[in-house]
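Bear in mind these aren't lab numbers, they're just calculated from the coordinates by the rules spelled out. Note that this is a predicted model, so its numbers are computed, not measured. Every residue, glycine as well, gets a Cβ built from its backbone with ideal geometry; the counts of neighbours run over all protein chains shown.
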Amino acid sequence: MESEEQREIKEGALFVADSHYPHHGDAFLILLKKLQSGEVITPQLFLMGDNFDLLFGYNAYVQTFSSEAIAILQKLSKQIELYYFEGNHDFMLSKIFPTIKVYPRESQPIMFNLNGQRVGLSHGDRYALGFTYDLYCRLLRNRYFITILRPFGKWLIDNRIDKLKKKKICQTMEQFEYRAEKILQSYHNVDLVIEGHYHQARVIGKYISLPSLACQKEAGVIHNGKLVFEPLLGSSL
Ligand SMILES: [Mn+2]
């Protein structure tokens, strides 16, 4: 088993969250292509969840919408260190990405080191959200439940995609400081927390809410041992 000491965030590591591909722009696919061509270089790629707007294992149909991005990720994972923190839109991914280190929702947060600092990483939908949401998530990630739904699969997925396309995902949350404070209470003994999910692109004390690649068109990059937000795609968008 990998130990925490071995899990080190490296200089130049990239943190990409909430691209919501393909329904909210192509930024994720463009970035993956730049990583593949070497135009963007990183020793370590942290995919922090919801980079796919809808993707899960044990269903071939849902994968047809993102097949190009899936294929590039499968190749990239053999060249660079790649971690996938499952989100609420993309889960049961280890079947699709056998060579990526996938962290499902129930095993998050995962602790990493960054220059001696203890950093808690998670997609961010686990805390401060309530019991019904939790139950819904667990049901949706149950292999048998997905199998039972299979005869209705295409209809359900098309229906869900119609709704997801119309969803407004880029909003500034009022009083986000309070939520950040509440989330931090769920983490113990950490120097820093890095999460996606809320699309806020803010640093509040120990709490970092990553930018959404779909909204701010930015990602987190480790520069001189610190996480900064950076646009990676230049004028290509
Ligand atoms: Mn999310």
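Each peptide in 171-184, 46-59, 10-23 gets a packing score, the mean of other Cβ atoms within 10 Å over its residues, and the list from highest to lowest is 46-59, 10-23, 171-184. The length gained by stretching the chain between I41 and E177 to full extension, at 0.36 nm per residue less their Cα-Cα distance, is 45.6 nm. Screening the chain for DSSP H helices whose Cα atoms reach 30 Å or more along their own axis and whose mean Kyte hydropathy is at least 1.0 gives nothing.
Between I161 and N189, the modelled label-to-label distance comes to 4.6 nm, taking each label 7 Å out from Cα in the direction of the beta carbon. Protection proxy ranking for 116-123, 66-73, 193-200, using the average of other Cβ atoms within 10 Å per residue and placing the highest first: 193-200, 116-123, 66-73. Rounded to the nearest 20 debye, the dipole magnitude of the chain is 660 debye, with +1 charges on Lys and Arg beta carbons, -1 on Asp and Glu beta carbons, and the Cα centre as origin.
A Förster distance of 22 Å, applied to the separation of the beta-carbon atoms of K34 and T99, puts the FRET efficiency at 0.60.
Between I148 and E106, the contour length at 0.36 nm per residue exceeds the Cα-Cα span by 12.9 nm.
Taking a straight line from the alpha carbon of K182, these lysines sit under 20 Å away, with near neighbours fewer than eight places off in the same chain left out: K206. Sparsely packed loop sites in the stretch 45-101 (the trypsin sites (Lys or Arg not before Pro) outside DSSP H, G, I, E and B with at most 11 other Cβ atoms within 10 Å) comprise K78.
In terms of the mean number of neighbouring beta-carbon atoms within 10 Å, the peptides 217-224, 86-93 order highest first as 86-93, 217-224.
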